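Before any comments, here is the structure.
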Amino acid sequence: MNSSHVGRNDSQASQYTDQHVPNAITKGLRLRGIDVLRVQDDGRDRALDHVILDRAVTLGRVVFYAGRRLLGYCPSPTNSRDRL
């Protein structure tokens, strides 16, 4: 069993964390049963913001973003990289 699924609470959204989220936060979320996938574990730790957002949409996950900049994109049914 994958450690990210141990004690998972299905009523909570699966997270896709960017490379700036501290490991302690990721560990704490997992201990609380939240399904967390880090971009590092998905091979996208150097990806641009829109690539991370597109991947999260594809995976059906919420982006947990801890970078200094805010994402300049929001998903839409036709194009997940539409500018705000």
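No value in this document is a laboratory result; all are computed from the given coordinates. Being a predicted model, the structure only gives us computed values, none of them experimental. Here the Cβ positions follow ideal geometry from the backbone for every residue, glycine too, while neighbour counts run over all protein chains shown.
Extension gain Leu48-Ala13, at 0.36 nm per residue separation less the Cα-Cα distance, in nm?
Computed gain between Leu48 and Ala13 is 10.3 nm.
Taking amide H positions as placed 1.01 Å from N in the peptide plane, with prolines and chain starts having none, which residues 5 or more places from Val36, or on another chain, fall under 5 Å of its amide H?
Gln15
At R0 = 25 Å, how high is the FRET efficiency between His20 and Thr58 if r is their beta carbon distance? Nearest 0.05 is fine.
0.75
Arranged by the count of other C-beta atoms within 10 angstrom, fewest first, what order do Arg61, Arg32 take?
Arg32, Arg61
In whole Hz and in residue order, list the ³J(HN,Hα) couplings for the stretch 19-34 that follow from phi through the Karplus curve 6.51 cos²θ - 1.76 cosθ + 1.60, θ = phi - 60°; x for Gly and Pro.
5, 8, 6, x, 4, 4, 5, 4, 4, x, 4, 5, 4, 8, x, 8
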